[in-house]
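Below is one structure, written out as structure tokens; comments come after it.
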Amino acid sequence: MRTTARPLTATALAALCLGALAVPAAYAGDYGTLDLSPSTAKPGTSVTVSTRACGPDGRGVGDARSLGAGEFKLRPGSHKDLAVGTFRVPEHTKPGTYGIVVACDNGRTAAGDLVVRHGGAPTHHPTHQPTHHPTHVGPQGHVKTGVGGSVGPDATRVAAGVAVLAGALAAGAWAMRRRASGGHG
């Protein structure tokens, strides 16, 4: 029993150590994601873009040419390390999903998708003005909990985690085989 317990303990310890190294990479930040608000829009809608990819400088250039809106500037936002920009969905934009990308001054990039839908827009303009103007807009966008998961999986991080676990398994199997064959030191 004792000879079996040591290799299994060594394997478990190796997997734990390698897994601990992978955790900071998986939760290291929000780089590469681009939040669009609203994420579904109609032609004529103003869209706000935000990302943490640009870092403390918070500057860069966005590209919404895929839907005909051209380029837009990113500037530091009101929250730490948040870069923000806006563009308007052109009136002639057809329904569909459009890729929006930003290139930060620090060399990083981020991308997101905007869904354009038609319908529900009034065909006339009202002749009266509302008597009450709301003073508060509710929360918008994804929840930033620091653990991820609200935007979707990141294939690069998933692949890195799988590689780390495969390495831990290989190291454990090698250690068990070496121990079983009687190789020491």
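The values are calculated or read from the model by the stated rules, or taken from the named source; none is laboratory data. Given the structure is predicted, the values throughout are model-derived calculations rather than measurements. No Cβ is skipped: glycine too gets one built from the backbone with ideal geometry, and neighbour counts run over all protein chains shown. Note: areas computed on protein heavy atoms with side chains; ligands, DNA, RNA excluded. Shrake-Rupley method; radii C 1.70, N 1.55, O 1.52, S 1.80 Å.
Looking for whichever is open to solvent by 30 Å² or more (accessible area, probe 1.4 Å), in contact (Cβ under 8 Å) with a residue 60 or more places away in the chain and more than 23 Å from residue 156 (Cα to Cα) here; the options are 117, 108, 75. Which one fits? Being open to solvent by 30 Å² or more (accessible area, probe 1.4 Å), in contact (Cβ under 8 Å) with a residue 60 or more places away in the chain and more than 23 Å from residue 156 (Cα to Cα) holds for just one of 117, 108, 75, which is 117. Against the condition part of a strand (DSSP E or B), more than 17 Å from residue 117 (Cα to Cα) and either small (Gly, Ala, Ser) or open to solvent by 70 Å² or more (accessible area, probe 1.4 Å) (or both), how does residue 62 come out, does it pass? So residue 62 fits the description; yes.
This table checks each residue for (1) open to solvent by 70 Å² or more (accessible area, probe 1.4 Å); (2) farther than 30 Å from residue 44 by Cα; (3) modelled with pLDDT of 60 or more; (4) assigned to a strand (DSSP E or B).
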| residue | (1), (2), (3), (4) |
| --- | --- |
| 99 | no, no, yes, yes |
| 103 | no, no, yes, yes |
| 113 | yes, no, yes, yes |
| 135 | yes, no, no, no |
| 158 | yes, yes, yes, no |
| 164 | no, yes, yes, no |
| 167 | no, yes, yes, no |
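Here residue 48 meets the list (1) at pLDDT 85 or above; (2) part of a helix (DSSP H, G or I); (3) under 18 Å from the mean Cα position of the chain (by Cα) almost entirely, failing just condition (2).
Could you grab me the full set of residues in the range 78-97 that are in a strand (DSSP E or B) and open to solvent by 10 Å² or more (accessible area, probe 1.4 Å)? Within the range 78-97, 84, 86, 87, 88, 96, 97 meet the criteria.
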